[in-house]
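K.L.:
Here it is, the structure in full.
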Amino acid sequence: MNNTADAPRTLYDRLWDAHVVASAPDGQDLLYLDRHLLHEVSTPQSFELLRENGLAVRRPATQLAVPDHAVPTRDREGGAIREEMARRQVALLERNCREFGIELIDLNDPRQGIVHVISPEQAFTLPGITLVCGDSHTATHGAFGALAFGIGASECGTVMATQCLWQTRAKTLRVRIDGQLPPGVSAKDMVLSLIGRIGSGGGVGHAIELCGSAVTSASMEARMTLCNMGIEAGARVALIAPDDTTFAWIEGRERAPTGPLWEAAVAYWRTLRSHDDAVFSQEVVLDAASMAPQVTYGISPDQVIAVDAPVPDGPARALAYMGLDAGKPVKGLPIDFAFIGSCTNGRIEDLRAAAAVIRGRHVAPNVTAMVVPGSGLVKRQAEAEGLDSVFRAAGFEWHAAGCSLCVAMNGDSVPTGQRAISTSNRNFEGRQGPGARTHLASPQMVAAAAIAGRIVDIREELAA
Amino acid sequence: MTPFTTVSGSAFALPEDDIDTDVIYPARFLLRTEKLGLGNLAFADRADLRARIDAPDENPILVAGANFGCGSSREHAVWTLADAGFRAIFAPSFGEIFRSNCTNNGVLAGLVGEADHLALMTAAQAGTVLEVDLANTTVHFGGTAIRFSISDVDRRMLLEGWNATTRILALHREDITAFEGRQRHAAPWLWTKG
């Protein structure tokens, strides 16, 4: 360990120091990884690495697998996938997990869903741990005070065989967000505001720690939304110190510690925070009370504006791709698709917020609107609350759990040139289908746009 | 992995910032489960770039804008570039997961400073032949030489053609076991399932 235990340290550095197995003279540390999540897309070649080198999985109990990216979200009763390549990819994950002794939550399991939604639900994600996954949105789990980051397929194989990776410690960026969000403004708007401020490369080389009253008063679902999009600011890691909100959310879940182990764990978790006099490499301060609903106008998540602002004179390529003119408003743009779901906004609170906007109203003609819950448990909870009926009555499609239209590799996609408003995390060129135009926004904003058939300001809807 | 020493090839200019891994390897091809033979899918939705990749050159060397390879962690982005012949990429900054994926696949991801990047991009747009010398972290072209930077670890990994996994097991098996012994005692709730 590089730092003395009593020097003031950030939460990131404390979590890092607690997981150093060995250090190299060049400053890299061999970091111990407590948990590894697997999905079907990023691991076929990882298992090949094990086979090629004759290696076993060191601690199968620390691994948990679930198919999510490629799985269809409709017509899959009985677990059958019609599309051949997707069926083969999911079957390969099942076969690999069987061969290497890794627990798999399969398509017929009521807990199946997006890897970053199911892991917290199962309390596979815990405060104080290191957690990795072959998926960039692994930053999500930092909402629990875990050191969590996305890795590549080769690294997934290394983690399975060794429980470790050589890593370089990042610098730290503290993001303080104080104040109370205005009505109609949510966690998604907070994180889009942050990305708009620091840029899509603003967090490169840094681990973000979020703090301030707007963060500590946020629910766990909102905190996951905040950390989820840390990667869109270039940071592999985004963190929030765990507190009573965190512990209450975890307690009683499937893999949560119980009895004396729970007491011991919480006692340790309470110590997990940055020291008061810890020094961060950089600091950014945002005011929640002055935030507006955000909408992206371009092809990178940092090309984002308040819904009532004009499109800036941004990169010509972005404006051409999106079919927009500088100086004109995004408000009022007609949309063809509305998507509510993804590891950013596919949780129960997101569905409640969207349902509250559409109750008793109907999706505009020519708009395809769909809700894809983040997990089977979210879907069941929503159905128990009658939210599915609200969505269906309003003309939304109600799907089974998966990544779906966030990454558009399961058969759901937006046709070329069509305009989508989406709760997902990326508005990249072609992300929702070749030539598809994506505007990122919050669940409330997407729901309101689906009803109006165009991008609207949710604050005006609330005031009406 | 093949050790990386010196590589020369025609520069391939891509003067745009924030080229994400969805652009390098579109999501609809992620159902592929192999890592070889993906080269014809690189930049599949960018006809302008595809036409240049299809022009014959064994070792095109990519000179890209800032934040190259940001976004999704998909290693396919590196596999497709490697299969299309790219063995070195230079940019002012990289998406971090992409950068480590490069090293793990024997592809050099070198950082260049602003002034050097400008010179390199200008040369690249003229289709100049670049000679990359990893041992000395320099790129030579038309009588000029610029320095690039890469972490010592990545440099050694590439020069030696190391496999990260077997190397960790060969050198640190006992360290890992010792760490696990300490953690079992300090955080027993993480060890209830073995």
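K.L.:
Just the accessible area per residue of the protein assembly as shown, please: how many Å² with a 1.4 Å probe?
P.N.:
Numbers: 22800 Å² over 658 residues.
In whole numbers, the protein assembly as shown has 35 Å² accessible per residue.
K.L.:
Search the structure for amide H atoms under 5 Å from the amide H of B:Thr128, placed 1.01 Å from N in the peptide plane, and list their residues when 5 or more places away or on another chain.
P.N.:
Hits under the 5 Å cutoff: B:Ala11.
K.L.:
Kindly work out what percent of the DSSP beta bridges joining two residues of segment B:54-178 are antiparallel, to the nearest 5.
P.N.:
On the way: 8 of 16 bridges.
Percentage antiparallel, nearest 5: 50.
K.L.:
Specify whether the C-alpha gyration tensor of segment A:101-175 places it in the rounded, prolate or oblate class, a ≥ b ≥ c being the square roots of the eigenvalues: rounded for a/c under 1.5, otherwise prolate if a/b is larger than b/c and oblate if not. Mind showing how you got there, number by number?
P.N.:
Details: a/c = 2.17, a/b = 1.31, b/c = 1.65.
It is oblate, given that a/c is not under 1.5 and a/b is not larger than b/c.
K.L.:
Okay, next question. Starting from the Cα of A:Lys188, draw a straight line to each of the lysines and keep only those under 25 Å, dropping any in the same chain fewer than 8 residues away.
P.N.:
Counting by Cα, and skipping residues close in sequence, A:Lys188 has these lysines nearby: A:Lys171, A:Lys328, A:Lys331, A:Lys379.
K.L.:
Which order do you get for B:Asp152, A:Asp17, A:Asp178 if you rank them by accessible area with a 1.4 Å probe, largest at the top?
P.N.:
B:Asp152, A:Asp178, A:Asp17
K.L.:
Here is a follow-up. Could you compute the FRET efficiency for B:Leu118 and B:Phe29, with r as their C-beta to C-beta distance and R0 at 30 Å, rounded to 0.05? Show your work: numbers first, answer last.
P.N.:
Numbers: r = 34 Å, r/R0 = 1.12.
According to the calculation, E is roughly 0.35.
K.L.:
Carbon and sulfur together cover what percent of the accessible area of segment B:77-194 at a 1.4 Å probe radius?
P.N.:
Details: 2580 of 5070 Å².
Roughly 51 percent, rounded to a whole number.
K.L.:
Enumerate the amide H contacts of B:Gly95 below 5 Å, restricted to partners 5 or more residues apart or on another chain; note that Pro and chain-start residues carry no placed amide H.
P.N.:
Close amide H contacts, sequence-distant or interchain: B:Phe68, B:Gly69, B:Cys70.
K.L.:
I've got another one for you. Assuming 0.36 nm per residue, please report the length gained on full extension of the stretch A:Ala264 to A:Glu52 beyond their Cα-Cα distance.
P.N.:
Working: separation 212, 0.36 × 212 = 76.32 nm, distance 4.13 nm.
So the extension gain works out to 72.2 nm.
K.L.:
So how strong a dipole does segment B:103-186 carry about its Cα centre when Lys and Arg Cβ are +1 and Asp and Glu Cβ are -1, to the nearest 20 debye?
P.N.:
Values: 7 positive and 10 negative charges, 62 e Å.
Charge dipole of segment B:103-186: 300 debye, to the nearest 20.
K.L.:
So if each residue of separation counts as 0.36 nm, and I subtract the Cα-Cα distance between A:Ala316 and A:Arg98, what length gain in nm does that give?
P.N.:
73.5 nm
K.L.:
Check each of the trypsin sites (Lys or Arg not before Pro) in segment A:358-403 and keep only those in coil by DSSP with at most 15 other C-beta atoms within 10 angstrom; list them in order.
P.N.:
Details: sites: A:Arg359, A:Arg361, A:Lys379, A:Arg380, A:Arg392; in loops: A:Arg359, A:Arg361.
The qualifying sites are A:Arg359.
K.L.:
Hey, got the dipole for segment A:67-183? About the Cα centre, +1 on K and R Cβ, -1 on D and E Cβ, debye to the nearest 20?
P.N.:
Details: 12 positive and 14 negative charges, 88 e Å.
That gives segment A:67-183 a dipole magnitude of about 420 debye.
K.L.:
Going by the alpha-carbon gyration tensor, a ≥ b ≥ c the square roots of its eigenvalues, is segment A:361-464 rounded (a/c under 1.5) or, if a/c is not under 1.5, prolate (a/b greater than b/c) versus oblate? Intermediate results must be reported in sequence, preceding the final value.
P.N.:
On the way: a/c = 1.78, a/b = 1.11, b/c = 1.61.
The shape class here is oblate.
K.L.:
Another one. Quick one: with all protein chains in place, what share of the accessible area of segment A:17-163 is carbon or sulfur, to the nearest percent (1.4 Å probe)?
P.N.:
Numbers: 1790 of 3820 Å².
Carbon plus sulfur share of accessible area: 47 percent.
K.L.:
Would you check the accessible area of A:Glu349, probe 1.4 Å, heavy atoms only, in square angstrom rounded to 10?
P.N.:
70
K.L.:
Where a ≥ b ≥ c are the square roots of the eigenvalues of the C-alpha gyration tensor, would you call the protein assembly as shown rounded, which needs a/c under 1.5, or, failing that, prolate if a/b is larger than b/c, or oblate? If you can, show how the numbers build up before the last one.
P.N.:
Working: a/c = 1.42, a/b = 1.11, b/c = 1.27.
Rounded, because the longest to shortest axis ratio a/c is under 1.5.
K.L.:
Separate question: Rounding to the nearest 20 debye, state how big the charge dipole of the protein assembly as shown is about its Cα centre with +1 on each Lys and Arg Cβ and -1 on each Asp and Glu Cβ.
P.N.:
Details: 59 positive and 76 negative charges, 163 e Å.
With only Lys, Arg, Asp and Glu charged at Cβ, the dipole is about 780 debye.
K.L.:
Additional query: What are the residues of segment A:66-88 that lose 40 Å² or more of accessible area, with a 1.4 Å probe, going from their chain alone to all protein chains?
P.N.:
The answer is A:Met85.
K.L.:
Any idea which of A:Leu173, A:Gly157, A:Pro127 is furthest toward the positive side of the dipole for segment A:124-239, if Lys and Arg beta-carbons carry +1 and Asp and Glu beta-carbons -1?
P.N.:
A:Leu173
K.L.:
If you keep only loop residues by DSSP, which trypsin sites (Lys or Arg not before Pro) in segment A:30-109 have at most 12 other Cβ atoms within 10 Å of their Cβ?
P.N.:
Working: sites: A:Arg35, A:Arg51, A:Arg58, A:Arg74, A:Arg76, A:Arg82, A:Arg87, A:Arg88, A:Arg95, A:Arg98; in loops: A:Arg58, A:Arg74, A:Arg76, A:Arg82.
Taking segment A:30-109 and a limit of 12 other Cβ atoms within 10 Å, the loop trypsin sites (Lys or Arg not before Pro) found are A:Arg82.
K.L.:
Once every DSSP H run of n ≥ 4 in chain A is given -39500 (n - 2.57) and the sum is divided by its residues, what mean residue ellipticity at 222 nm do you get, rounded to the nearest 500 deg cm²/dmol? Kindly include the intermediate steps, with their values, before the conclusion.
P.N.:
Values: 17 runs with 147 residues, N = 464.
That calculation yields -9000 deg cm²/dmol at 222 nm.
K.L.:
Here's a follow-up. At 7 Å along Cα-to-Cβ for each site, give me the label-to-label distance between B:Glu58 and B:Glu16 in nm.
P.N.:
About 3.0 nm, to one decimal.
K.L.:
In addition: For the pair A:Asn366 and B:Ala47, how long in nm is the line joining their label points, each one 7 Å along Cα→Cβ?
P.N.:
2.6
K.L.:
Taking the Cβ-Cβ separation of B:Leu159 and B:Trp191 as r and a Förster radius of 25 Å, what is the calculated FRET efficiency to the nearest 0.05? Numbers along the way, then the final one.
P.N.:
Values: r = 39 Å, r/R0 = 1.55.
According to the calculation, E is roughly 0.05.
K.L.:
Divide by every residue of chain B the summed helix terms, -39500 (n - 2.57) for each DSSP H run of at least 4, and state the resulting mean residue ellipticity at 222 nm, rounded to the nearest 500 deg cm²/dmol.
P.N.:
On the way: 7 runs with 73 residues, N = 194.
Calculated at 222 nm, the ellipticity per residue is -11000 deg cm²/dmol.
K.L.:
I need the calculated FRET efficiency for the pair A:Met85 and A:Ala289, taking r as the beta carbon distance and R₀ as 60 Å, to the nearest 0.05. Walk me through the numbers on the way to the answer.
P.N.:
Values: r = 49 Å, r/R0 = 0.82.
Between A:Met85 and A:Ala289 the formula returns 0.75.
K.L.:
Please work out how much length the chain gains when fully extended from A:Ala7 to A:Val279, using 0.36 nm per residue of separation minus the C-alpha to C-alpha distance, in nm with one decimal. Kindly include the intermediate steps, with their values, before the conclusion.
P.N.:
Numbers: separation 272, 0.36 × 272 = 97.92 nm, distance 1.05 nm.
This chain segment gains 96.9 nm when fully extended.
K.L.:
To continue, here is another question. For A:Ser23, which sequence-distant residues (separation of 5 or more, or a different chain) have an amide H within less than 5 Å of its own amide H, given hydrogens modelled in the peptide plane?
P.N.:
A:Leu30
The values are calculated or read from the model by the stated rules, or taken from the named source; none is laboratory data. What you see is a predicted model; the values in this text were computed from it and never measured. Here Cβ is always computed from backbone atoms with ideal geometry, including for glycine, and neighbour counts include all displayed protein chains. Note: areas computed on protein heavy atoms with side chains; ligands, DNA, RNA excluded. Shrake-Rupley method; radii C 1.70, N 1.55, O 1.52, S 1.80 Å.
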